[in-house]
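Chemist: One structure follows; several queries about it will come next.
The values are calculated or read from the model by the stated rules, or taken from the named source; none is laboratory data. All of these numbers come straight from a predicted model, not from anything done at the bench. All Cβ positions, glycine included, derive from the backbone under ideal geometry; neighbour counts span all protein chains shown.
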């Protein structure tokens, strides 16, 4: 039996197709989110990867910011529950999830069965999210994919103290004007993202194992900054951008079982 | 004939709210005094002296619910009030500017013509109390200073110590006595202690009916939809010391009892989960917040906010009244507040709780996380915190609210599936 999870985010659309609730047969990330061709593109690519078609899918669960805009789903489930489900599937010992996506950051505490015990999300502010890194990368004349390479070569993180994305951008510009090395500034930007995400996690209790998911987990610089600040080991989820979609596909499997 | 004969409680609610404004307008036209009061200031003193009362916080909430807040917020901000100030204050200070301009020029500003709230009149006196927040003090002082009218302040110290020490009871009683003196000077006649006692008795009869409504939510399924607290609240705040409020709440209790008798309830078969709502309502999104939970078959049955006006004391006993106005929920220490939230959840049989992190009300919001964790430690019920605002729609995001509400529903589902409801 095949089930599907689709995570329609603000910055990207992710699809995971699962066989019998166990094996990932397709996982695709389209780099555009809700309101674009992203969801359709991700669906088509996932079908191409798996050689399956819509008729083969028993159930579909949608999650993410655009979950209600995706009409072909059997059910919508919040990204909080889906991330918890996806991470627990990959790492049953995970107790804390730090998920940083395109426009939100969340810290989720899990119990031993993978249920959500508590969660905290950012408020109406994009500081400490993927958007923050996008803005900084543009000012620093690079792309988000290259940020980690730069910060690896940093001597020390430059001070980026503003929480606000707009003010932090001005700070980066003034650091550049002062002649600060791009590597150090980028390490400072990563440190700033880590602090913001950890501020959410610290509202609860940070328990190990800690797993990071979401697109920003692909940036080794941010992962290192979080590990440095917590003094704890951070595990990056496998294919971290698709964790929400994986969780949705797992929920879809549970739904499908109910019908059989 | 009784004007409210044949009306249901919601119609009576509308009738008496309109009447409170009408009474104030008539008083003003006839040269009688009108007071603007903060929502938990003791209204008994003014009522005893036949002073009509209007409530700026209520006015702001009503304008917010009617989507009229942005126009008033803009005027207050143009006047220089910072966007970080409480949005009730900004909405009311914006409206106040318009009333003042009208009084000074004799012309009605366009924004006042388009005002969506019930028309108010400028005050001759203001009364506020520190049992709620410090913002109210500055807000009412500003109004008094701009109009050059008396500002009666009932200073109520924060209750760090429990039970409330006698020295604090004496202090608050002293505040009451000074307020009486100020009113005697303003009215030019001695304080009417006989009427005061009658007003106190009426106030307690009203509160008893208000508490009865709240007690109905302990029934499962509940006949009362907790979001209706936010509607009926207008009367317990502004009309507490009048028979109209008592009659309205008694009617509401009668309707609920009738529903129970007929086997009816607010959501019928669809009452899947029950939640508590901690904090002030999001007035501009009252419908959205209600519907989000309704679509999840989740009924709000408990809230600490309407419970603030369960102001109980013994009529004729000033010390008891001092205790009543001091022990309000916003003026007690964290431990007591945590217990109060737990009690509300227990009485209303809630499966989870939503905390409103309200940009406007730092006083009620800054303790949310601590209370949430302490309550969860004791009752093991899931909670969510969302960011919003009581009247400034700029500080609320519907999509973010829906995601958090849905996650709360899923956490309650998971707990129910495990048999741990």
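Chemist: For region B:235-282, which residues satisfy the criterion of being at positive phi and assigned to a helix (DSSP H, G or I)?
Modeler: B:268
Chemist: Taking residue B:184 and the conditions (1) in contact with a helix residue (DSSP H, G or I) (Cβ under 6 Å, 6 or more places away or on another chain); (2) at pLDDT 95 or above, which numbered condition does it fall short on, given that it satisfies the others?
Modeler: Unmet condition: (1).
Chemist: Considering only region B:358-367, I want to know if a residue exists there that is buried (at least 23 other Cβ atoms within 10 Å of the Cβ), out of contact with any strand residue (DSSP E or B) (no Cβ under 7 Å at 6 or more places or on another chain) and either more than 14 Å from chain A (Cβ to nearest Cβ) or closer than 30 Å to residue B:81 by Cβ (or both).
Modeler: yes
Chemist: Something else: Hey, does region A:249-259 have a residue that's part of a loop (DSSP other than H, G, I, E, B), at negative phi and touching a helix residue (DSSP H, G or I) at 6+ places or on another chain (Cβ under 7 Å)?
Modeler: First, pick out the residues of region A:249-259 that are part of a loop (DSSP other than H, G, I, E, B): none.
No - not one qualifying residue is present in region A:249-259.
Chemist: Exactly one condition in (1) surrounded by fewer than 18 Cβ atoms within 10 Å (Cβ to Cβ); (2) more than 14 Å from chain B (Cβ to nearest Cβ); (3) in contact with a helix residue (DSSP H, G or I) (Cβ under 9 Å, 6 or more places away or on another chain) is not met by residue A:93; state its number.
Modeler: In the conditions (1) surrounded by fewer than 18 Cβ atoms within 10 Å (Cβ to Cβ); (2) more than 14 Å from chain B (Cβ to nearest Cβ); (3) in contact with a helix residue (DSSP H, G or I) (Cβ under 9 Å, 6 or more places away or on another chain), residue A:93 misses (3) alone.
Chemist: For region B:12-92, please list each of the helices (runs of 4 or more DSSP H) lying entirely inside it that holds at least 2 residues being over 27 Å from residue B:201 (Cα atoms) and touching a helix residue (DSSP H, G or I) at 6+ places or on another chain (Cβ under 6 Å).
Modeler: Those helices (runs of 4 or more DSSP H) span B:56-65, B:69-78.
Chemist: Sticking with this one: Which number in (1) crowded, with 23+ Cβ neighbours inside 10 Å; (2) within 14 Å of another protein chain (Cβ to nearest Cβ) marks the one condition that residue A:39 misses?
Modeler: (2)
Chemist: With the requirement that a residue be surrounded by fewer than 18 Cβ atoms within 10 Å (Cβ to Cβ) and farther than 21 Å from residue A:138 by Cβ, what does region A:204-234 give you?
Modeler: Within region A:204-234, A:205, A:206, A:207, A:208, A:209, A:227, A:228, A:229, A:231, A:232, A:233 qualify.
Chemist: Could you check, for region B:315-335, whether at least one of its residues is part of a helix (DSSP H, G or I), within 12 Å of chain A (Cβ to nearest Cβ) and either surrounded by fewer than 22 Cβ atoms within 10 Å (Cβ to Cβ) or within 17 Å of the chain's Cα centre (by Cα) (or both)?
Modeler: Looking through region B:315-335, none of the residues is part of a helix (DSSP H, G or I), within 12 Å of chain A (Cβ to nearest Cβ) and either surrounded by fewer than 22 Cβ atoms within 10 Å (Cβ to Cβ) or within 17 Å of the chain's Cα centre (by Cα) (or both).
Chemist: Would you check which residues across region A:99-121 are in a loop (DSSP other than H, G, I, E, B) and within 9 Å of chain B (Cβ to nearest Cβ) and list them?
Modeler: Within region A:99-121, A:104, A:113, A:115 qualify.
Chemist: Considering each of A:27, A:42 in turn, give the residue that is part of a strand (DSSP E or B) and more than 30 Å from residue B:386 (Cα to Cα).
Modeler: A:27 is the lone residue from the list that is part of a strand (DSSP E or B) and more than 30 Å from residue B:386 (Cα to Cα).
Chemist: Could you please tell me which pairs satisfy a Cβ distance under 6 Å, a separation of 6+ or placement on different chains, a first residue in region B:96-124 that is under 18 Å from residue B:144 (Cβ atoms), and a second residue that is at pLDDT below 95 and surrounded by fewer than 17 Cβ atoms within 10 Å (Cβ to Cβ)?
Modeler: B:97/B:79
Chemist: Given the conditions (1) part of a helix (DSSP H, G or I); (2) more than 18 Å from residue B:46 (Cβ to Cβ); (3) in contact with a helix residue (DSSP H, G or I) (Cβ under 7 Å, 6 or more places away or on another chain), and given that residue B:118 satisfies all but one, which numbered condition is not satisfied?
Modeler: Against the list (1) part of a helix (DSSP H, G or I); (2) more than 18 Å from residue B:46 (Cβ to Cβ); (3) in contact with a helix residue (DSSP H, G or I) (Cβ under 7 Å, 6 or more places away or on another chain), residue B:118 comes up short only on (1).
Chemist: In region B:299-308, is there at least one residue being within 27 Å of residue B:83 (Cβ to Cβ) and either without any contact (Cβ under 8 Å) to a residue 40 or more places away in the chain or within 14 Å of chain A (Cβ to nearest Cβ) (or both)?
Modeler: No.
Chemist: Filter region A:120-141 down to the residues that are touching a residue at least 60 places away in the same chain (Cβ under 8 Å) and touching a strand residue (DSSP E or B) at 6+ places or on another chain (Cβ under 6 Å), then identify the one that is surrounded by the fewest Cβ atoms within 10 Å (Cβ to Cβ).
Modeler: Looking at residues that are touching a residue at least 60 places away in the same chain (Cβ under 8 Å) and touching a strand residue (DSSP E or B) at 6+ places or on another chain (Cβ under 6 Å), I get A:120.
Chemist: So in region B:377-412, with the set limited to residues that are surrounded by fewer than 18 Cβ atoms within 10 Å (Cβ to Cβ) and out of contact with any helix residue (DSSP H, G or I) (no Cβ under 9 Å at 6 or more places or on another chain), which one is farthest from the other protein chains (Cβ to nearest Cβ)?
Modeler: Of region B:377-412, the ones surrounded by fewer than 18 Cβ atoms within 10 Å (Cβ to Cβ) are B:377-380, B:394, B:397-399.
Next cut, out of contact with any helix residue (DSSP H, G or I) (no Cβ under 9 Å at 6 or more places or on another chain) only: B:377, B:397, B:399.
Details: B:377: 11, B:397: 6, B:399: 6 Å.
Taking the candidates together, the pick is B:377.
Chemist: Applying the selection to region B:131-162, what residues are in a loop (DSSP other than H, G, I, E, B) and in contact with a strand residue (DSSP E or B) (Cβ under 7 Å, 6 or more places away or on another chain)?
Modeler: Our first condition is that a residue be in a loop (DSSP other than H, G, I, E, B); within region B:131-162, this holds for B:131-133, B:148-150, B:155-158, B:160-162.
B:149, B:150, B:156 - these are the residues of region B:131-162 that are in a loop (DSSP other than H, G, I, E, B) and in contact with a strand residue (DSSP E or B) (Cβ under 7 Å, 6 or more places away or on another chain).
Chemist: Examine region A:66-79 for a residue that is on the phi > 0 side of the Ramachandran plot, within 12 Å of another protein chain (Cβ to nearest Cβ), surrounded by 24 or more Cβ atoms within 10 Å (Cβ to Cβ) and at pLDDT below 95, and state whether such a residue exists. Spell out how you get there, then give the answer.
Modeler: Here is the first cut: in region A:66-79, the residues on the phi > 0 side of the Ramachandran plot are none.
No; the residues of region A:66-79 include none that is on the phi > 0 side of the Ramachandran plot, within 12 Å of another protein chain (Cβ to nearest Cβ), surrounded by 24 or more Cβ atoms within 10 Å (Cβ to Cβ) and at pLDDT below 95.
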